[in-house]
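So the structure is just underneath, and the comments pick up after that.
The values are calculated or read from the model by the stated rules, or taken from the named source; none is laboratory data. Treat the numbers as computed from the prediction; the structure is a model and nothing was measured. Positions of Cβ are backbone-derived with ideal geometry, glycine not excepted, and every protein chain shown enters the neighbour counts. Each accessible area value is taken on the protein alone, full model and side chains, heavy atoms only, with ligands, DNA and RNA left out. Shrake-Rupley method; radii C 1.70, N 1.55, O 1.52, S 1.80 Å.
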Amino acid sequence: MACPVQLGFQDAASPIMEELMYFHDHTLMIVFLISSLILYIISLMLTTELTHTSTMDAQEVETVWTILPAVILILIALPSLRILYMMDEITTPSLTLKTMGHQWYWSYEYTDYENLCFDSYMTPSSDLKPGELRLLEVDNRVVLPTEMSIRMLISSEDVLHSWTVPSLGVKTDAIPGRLNQATLMTSRPGIYYGQCSEICGANHSFMPIVLELVPLKHFEEWLLAML
């Protein structure tokens, strides 16, 4: 999760989030180089007398500043399209989890198992145990296996919500009457926090999401205890 005074992203816990962070660094470096070049040109124009005014009409200069932005846009667009296709890629899921947004809590259903569903409410501050995070802890965590392809089916029963877990690179809108799909895969076990990132009403900021990613063996033990 995020730390105090943190300026960057949360540590990536999924292949998609790792790609998003690489793309962010790639694009930020291009923006930094462009900004440095523009700042240098502006400072040069303010401090140097324009003795060669004929360069303002040079065809070579116009050619360069027409082609160079196009090349830069291509360098940004190609990896961006690659990541978009990776995020939309539908693989054969090992597990399907249905998520429904309500005002203001989440309900989850493991559709591969009979009668395995529960609601997930935020834990009140008065009921928090030592070490638990205020406004982020829930009474029922979502337990999922690591290193397996998981299909998330996301919808809503009342208003717009958004199921978001930043460290996994997942952000999907929950829309009434529409079933959205997202693919989830984690590379390591851990506890990952998220929140509804859609302004859905008075208690919008009190819809936390907690995923507990565990090895397959521990997930099977949890299933036996729940069923």
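The Cα trace of the chain gives Rg and Dmax of 23.8, 83 Å, the first to one decimal, the second as a whole number. Note that segment 95-226 presents 48 Å² accessible area per residue, ligands and nucleic acids not counted, probe 1.4 Å. Compared with the dominant Cα axis of the chain, that is its longest principal axis, helix 15-47 is turned about 30°.
Segment 126-196: which trypsin sites (Lys or Arg not before Pro) are DSSP loop and have at most 12 other beta-carbon atoms within 10 angstrom?
Numbers: sites: Arg134, Arg141, Arg151, Lys171, Arg178; in loops: Arg134, Arg141, Arg178.
Within segment 126-196, the qualifying trypsin sites (Lys or Arg not before Pro) (loop, at most 12 other Cβ atoms within 10 Å) are Arg134, Arg178.
Listed by chain and number, the lysines whose alpha-carbon sits under 19 Å from that of Lys98, ignoring those within fewer than 8 places in the same chain, are Lys171.
Charge tally for Ser197 (other residues, Cβ to Cβ under 10 Å; Lys, Arg +1; Asp, Glu -1): -1. Based on alpha-carbon centroids, what's the gap between segment 151-208 and segment 10-24 in Å, whole number please? Segment 151-208 and segment 10-24 have Cα centres separated by 18 Å. Taking amide H atoms as placed 1.01 Å from N in the peptide plane, the amide H of Asp112 lies under 5 Å from those of Thr96, each 5 or more residues away in sequence or on another chain. Between the Cα long axis of helix 59-88 and the first principal axis of the chain there is an angle of about 10°, rounded to the nearest 10. Surface composition of the chain: carbon and sulfur make up 62 percent of the accessible area, probe 1.4 Å.
Summing charges over all other residues whose Cβ lies under 13 Å from the Cβ of Ala12, with Lys and Arg as +1 and Asp and Glu as -1, gives -3.
Taking Cα centre as origin and charging only the Cβ of basic (Lys, Arg, +1) and acidic (Asp, Glu, -1) residues, the dipole magnitude of the chain rounds to 160 debye.
If both residues of a DSSP beta bridge must be in the chain, then about 70% of such bridges are antiparallel.
Semi-axes of the equivalent ellipsoid of segment 95-226 are 21, 19, 14 Å, computed as sqrt(5λ) over the eigenvalues of the C-alpha gyration tensor in descending order.
So in segment 95-226, what percent of DSSP beta bridges are antiparallel if you round to the nearest 5?
70
For the chain, the longest principal axis of the alpha carbon atoms and the long axis of helix 216-226 meet at an angle near 40°. Given R0 = 41 Å, the distance between the Cβ atoms of Lys217 and Ser36 translates into a calculated FRET efficiency of 0.20. Near Arg151, within a Cβ-to-Cβ distance under 14 Å, what is the net charge of the other residues, with Lys and Arg +1 and Asp and Glu -1? Surrounding charge for Arg151 is -3.
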